[in-house]
1. For N395 and L565, calculate 0.36 nm times their separation in residues minus their Cα-Cα distance, and state this gained length in nm to one decimal.
2. Net charge around N328, counting only other residues with Cβ within less than 13 Å of its Cβ (Lys, Arg = +1; Asp, Glu = -1)?
3. Using the beta-carbon distance between E463 and T291 and R0 = 30 Å, what value does 1/(1 + (r/R0)^6) give for FRET efficiency, to the nearest 0.05?
4. Going 7 Å from the Cα of K234 toward and past its Cβ, which residues in segment 175-211 have a backbone nitrogen under 19 Å from where you end up?
5. Between N370 and E201, what length comes free when the chain is fully extended (0.36 nm per residue of separation minus the Cα-Cα distance, one decimal in nm)?
6. Would you mind ranking M182, M461 so that the residue whose beta carbon has the fewest other beta carbons within 10 Å leads the list?
7. How far, in nm, would the chain grow between S284 and L84 when pulled straight, counting 0.36 nm per residue and subtracting the alpha carbon separation?
8. Using the structure shown, select from K356/K401; K337/K369; K178/K453; K234/K343; K343/K453 the pairs with a Cα to Cα distance greater than 18 angstrom.
Amino acid sequence: MVDPKPSGSGAAPLNPTAAAFKMPSTADSSLTNGSAQSEHSKKSNSAATAPKSSNKSNADSRADAGPRSSTAQDIAEAGAGVKLTGAQLKKQKAAEKAARRADKVAEKGALALAPPPASTGGAQRRPSTTKRESDTGSHHKRTLSSTGKSIPIRGGVQQQQQGQASVAPEKERHKDPKRVPMFSHLYPKEKKASLAGAGREIHPAVLSLGLQLRDYVICGGNARCVATLLAFKKVIQGYSTPPGVALSRHLLTHLNHQIAYLRNARPLSMSQGNSIRWLKNLISTQSVDLTDSEAKQDLCQAIDLFIRERITLADEVIAREATARIENGDVILTYAKSSIVEKTLIAAHRQGKQFKVIVVDSRPMFEGKNHARSLVRAGLKVQYALLSAIADVVNQNCVTKCFLGASAMLGNGSLFSRSGSAMVAMMAKESSKNKSRSVPVIVLCETVKFTTKAALDSIVMNEVGDPEALVEAAQPEILSSTGAAPAPANASSSGKGGSGKKQAGGGAKDRDDGNGGDDADDKTSGAGTGLDGWKDQAGLYLLNLMYDVTPAQFLDLVICEFGSLPPVAAPVVNGVHGDDQALA
């Protein structure tokens, strides 16, 4: 059989299965069937019709084809329908990607060099997407706001400095507060709870409680526990189970949102944690046969019973037991404020016992002030002192007993209470005059505050308060009504040559004395010094720890509603296995 040859030429036909093709040039191409064909193509086509030497002939043809000069040839061959190898395809894609990147960089540079629209007062306007800008760039162009770079300001150096000054406060606003690295695990991971950050699933009663806990309006373990249970009672009363879901499952999920909001406002106390675990266990064990109204009624009655038995009646039993240990002529030392200690002292006074109370207090909360006021109104003899004077107070007064409240009783017998309690207990035991008398340190604590957790220091488990509370803005209020009265507003300052700020009771002496104004000016100028601006001072950190741990060796007795027991017997109250849930 004879292959037909194309008319007008004696050349062989094109072979589409050839290994490679090269675009013909005008010098060595000849016209065949109306198309240009190079001499090299003729050789490769004739070699393809020869007998098989597959790999060898293909290798020879690739060697004869010569190296590629540029990627443009590969792109041209792809457009001409030529089959490319894998390496050539990769090279072609890389070239196209590089070209796209170059186009984006050119567009971005052109936009940065373009003059922005004029702005008034140094304020920068948001770049508007007009038709010109949309025509110059692609649809998926990255804007300058997403890259974090500021828009260039047209003008001199002063305008650029004004633009940088406006951005500086925003950076300082988002700057992390100064934290002590050793206590970094105690700082909250999220911002404190607020109305703006609350979700729609948060109940209004829980919103109100969270804000009060955050601002320390509600303090004390018992008050926080009762307020939490009453808020959850309102949540349960307004709860409705969705169709097709059991109350015991969905209500727990709904309560978890409320608990997370309260925990974000302030870390939960030990009494709060135990009561919440008890409530969750009660909800999970509700019978499926009960209707929603019956189940909610049972839960609300159980909450009221828990508050009455575990807190109200428990305080009465503890107060009765502790009152029996107070005798006539005692000098009782106490620290800060504890509701159960206050109830015990008032109950002993109503029984006709004559004794004296020393209330020791400390910054920044000064809870002992309210404690002292309550005792004074009840008719008790009270002496108020700060924690810094505890050594003199203990030595000058023959202290016979020391009553302390508790935030928690730990599993190893240690006391977890308000920061400063450990110092008061140690001074009561280790004072030179008290060693011979063996002053007993008695802790009054409900069993709802007992826990199996153990702590040997105040670092692992604690709560960090607001460091700004340590910056004293004004002098603390005095308790005595015979103190100096505040100066009138019109007399607080006079002209430039006046006497300045005058103390109350100074009278005409301050007016006549020429040095009175200088002293007042010195006091006024020094009022703003101290810890003001501590965040701007390098190497200065403020740490406000809320609690401390008192070792069991400095405690003599723990009084709870079960009776009086030594501190080392605290795990027995929690149960044989020391489980908080067994107690709560």
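The numbers here are math on the coordinates, done by the rules we state, and not lab data. Model, not experiment: these values are computed from the prediction. No Cβ is skipped: glycine too gets one built from the backbone with ideal geometry, and neighbour counts run over all protein chains shown.
1. Details: separation 170, 0.36 × 170 = 61.20 nm, distance 2.87 nm.
Gain on stretching N395 to L565: 58.3 nm.
2. Details: positive: R325, K353, K356, K381, K401; negative: E327, D330.
Overall, the nearby charge balance is +3.
3. Numbers: r = 41 Å, r/R0 = 1.38.
For R0 = 30 Å, the calculated efficiency reads 0.15.
4. 193-211
5. Length difference between fully extended and current span is 57.2 nm.
6. M182, M461
7. Details: separation 200, 0.36 × 200 = 72.00 nm, distance 6.84 nm.
Between S284 and L84, full extension yields 65.2 nm more.
8. K178/K453; K234/K343; K343/K453
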